[in-house]
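Single-structure report; data block below.
The values are calculated or read from the model by the stated rules, or taken from the named source; none is laboratory data. Here the structure is a predicted model, which means the values were calculated and not measured. Here the Cβ positions follow ideal geometry from the backbone for every residue, glycine too, while neighbour counts run over all protein chains shown.
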Amino acid sequence: MSGRVRTAVCPGTYDPVTNGHVDIIARAAGLFDEVIVSVTTGSFKKTPLFSAEERIALVTASVEHLGNVRVEGFDSLITEHARNVGASVMVKGLRAISDFDYEFQMAQLNRHLAAEIETVYLPASPQYSFVSSSGVREVAAWGGSVDDWVPPVVAEALRARRRRGVGSVP
């Protein structure tokens, strides 16, 4: 066995972080020496409900119990970020076959950009296989309880946003 530290990144928007995300991150923490939860601070897909700073803070609070995990924001290609932090692995969670279709395409693009960085998929635990950030945002926007699907700090942040009238129904 080598003395090399095995570092993995778990990239995502985390808008918001869910219990499914935390489950994948915790499982990755059991497989690698160091896990960096990489929160994208820029996005071409959509405008996030929570700011980059809020998402980083919510993820940090949600994974603080995991000793070998840290949270960082990034605004670059994920392969570039992974290289910058010394990661050799990218960990992605899969809920359904539709996730696999998208993630497989992304893995091939990333492999072309950085062949030295492997992509590892972890299947969602059954209790989280239907939980998505977009679904959580929608239920929360309509005033429904999301307490079973997100860490307590996130549930409270969503309730606070609704009380302030911030964030519309997606």
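Based on what the data block shows, is Ala140 in contact with a Lys or Arg (Cβ under 7 Å, 6 or more places away or on another chain), in contact (Cβ under 8 Å) with a residue 12 or more places away in the chain and closer than 18 Å to Gly165 by Cα? Here the answer is yes, as Ala140 does meet what is asked.
Return the only residue of Ser98, Ser88 being under 21 Å from Leu31 (Cα atoms) and among the hydroxyl-bearing types (Ser, Thr, Tyr). Ser88 is the lone residue from the list that is under 21 Å from Leu31 (Cα atoms) and among the hydroxyl-bearing types (Ser, Thr, Tyr). Of the residues screened, Leu113 is one that is farther than 20 Å from Tyr128 by Cβ, without any contact (Cβ under 8 Å) to a residue 40 or more places away in the chain and in contact with a Leu (Cβ under 8 Å, 6 or more places away or on another chain).
Do you know which residues across the stretch 1-33 are farther than 25 Å from Val136 by Cα and assigned to a loop (DSSP other than H, G, I, E, B)? If the condition is that a residue be farther than 25 Å from Val136 by Cα and assigned to a loop (DSSP other than H, G, I, E, B), then Met1, Ser2, Gly3, Arg4, Val5, Arg6, Phe32, Asp33 are the ones that fit.
When the test is whether a residue is of a type outside the set (D, E, K, R) and over 23 Å from Ala155 (Cβ atoms), Asn19 does not pass it. Every condition in (1) of a type in the set (D, E, K, R); (2) within 16 Å of Gly20 (Cα to Cα); (3) loosely packed, with under 15 Cβ neighbours inside 10 Å holds for Arg164 except the one numbered (2).
Residues in the stretch 127-144 that are hydrophobic (A, V, I, L, M, F, W, C) and either part of a helix (DSSP H, G or I) or within 16 Å of Gly12 (Cα to Cα) (or both): Val131, Val136, Val139, Ala140, Ala141.
Looking across Thr60, Thr41, Thr47, one residue alone is under 22 Å from Pro152 (Cα atoms) and of a type outside the set (Lys, Arg). It is Thr60. Inside the stretch 145-166, residues that are modelled with pLDDT under 95 and not in a helix (DSSP H, G or I) make up a count of 2. Assessment of the stretch 132-150 against the conditions (in contact with a helix residue (DSSP H, G or I) (Cβ under 7 Å, 6 or more places away or on another chain) and aromatic (Phe, Trp, Tyr)) yields at least one matching residue.
Considering the stretch 9-48, and only residues there that are modelled with pLDDT of 95 or more and among the charged types (D, E, K, R), the residue that is surrounded by the fewest Cβ atoms within 10 Å (Cβ to Cβ) turns out to be Asp33.
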